[in-house]
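Report on one structure; see the data block that follows.
The values are calculated or read from the model by the stated rules, or taken from the named source; none is laboratory data. A quick note: this is a predicted structure, and the numbers were derived from the prediction, not measured. Heads up, the Cβs are rebuilt from the backbone with ideal geometry, glycines too, and the neighbour counts pull from every protein chain shown. Keep in mind that these areas ignore ligands, DNA and RNA; they rest on the heavy atoms of the full protein, side chains included. Shrake-Rupley method; radii C 1.70, N 1.55, O 1.52, S 1.80 Å.
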Amino acid sequence: MNYCSDCGGPIVLEVPGGDSFQRHVCSACGIIHYKNPLVVVGCVPEWQGKLLLCKRAIEPRMGYWTAPAGFLELDETLEEGAARETAEEACARVEIGSMLAAVSVRHTNQVHIMYRARLLDGKFAAGAESLEVRLFSPEEIPWQDIAFRSVTFSLQTLLADPQGGVHTTSF
Ligand SMILES: [Zn+2]
């Protein structure tokens with residue numbers, strides 16, 4: 001970030017008074033442009049003992065399998081975001097269940113929140129960001145071709161603890 005998105009003034013890196021981190025501060029208007037991790041939210045939909053995964057049609061990790069997930073939007077709850085992403089990527093309607101995993105992903109500055117979920121009617125299809133969407137029995141899960149470590153963690157956690165609480169990790 002070189003120029004202020006509010007006034008166009010030059011940005012400097014400095015530690016504002018009372019702060020302990022270096023920030024992008026506008027030298028013209030003084031506004032502090034905070035950069036903080038983004039929230040990615042998703043779910044692992046279950047249907048008749050199988051889990052729904054999407055083969056990614058976009059980078060990063062095109063061609064690899066993921067659970068429906070994406071960036072949380074403004075004015076949206078985590079549960080609404082998880083259901084929306086499932087509608088967009090898998091053309092499926094879900095009932096969102098309990099929170100499954102909260103993963104700190106340091107290298108991308110993201111927090112991934114994943115939910116247990118259930119398909120409402122068993123219907124699904126590939127959305128614009130998916131090449132293919134299908135149900136996998138636990139034995140069929142393509143562990144070598146999962147797009148993201150947080151998804152691998154969520155799938156492992158769900159199989160080990162289908163009803164239970166929130167599991168956390170960091171990468
Ligand atoms: Zn400014």
> Convex hull over the alpha-carbon atoms of the chain: what's its volume per residue in Å³?
Replying inline: 138
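Using a 1.4 Å probe, what is the accessible area per residue for the chain, in Å²? Provide the component values of the computation, followed by the final result.
Details: 9440 Å² over 171 residues.
Counting only protein heavy atoms, the per-residue value for the chain is 55 Å².
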> What list of ³J(HN,Hα) values in whole Hz, one per residue of region 101-107 in order, does the Karplus curve 6.51 cos²θ - 1.76 cosθ + 1.60 (θ = phi - 60°) give from phi, with Gly and Pro shown as x?
Replying inline: 8, 10, 10, 8, 10, 4, 6
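In region 4-47, which chymotrypsin sites (Phe, Trp or Tyr not before Pro) are in a loop and have at most 11 other Cβ atoms within 10 Å, using DSSP for the loop call?
Numbers: sites: Phe21, Tyr34, Trp47; in loops: Phe21, Tyr34.
The qualifying sites are Phe21, Tyr34.
Based on DSSP loop calls and a cut-off of at most 13 other Cβ atoms within 10 Å, the longest stretch of the chain free of exposed trypsin sites (Lys or Arg not before Pro) is what?
The longest uninterrupted stretch comes out as 36-122.
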>> How large a share of the accessible area of region 38-170, in percent, is made up of carbon and sulfur atoms when the probe is 1.4 Å and the other protein chains stay in place?
In response: 53
>> 7 Å from Cα along Cα→Cβ at both Thr108 and Ser27: what's the point-to-point distance in nm?
In response: 3.5
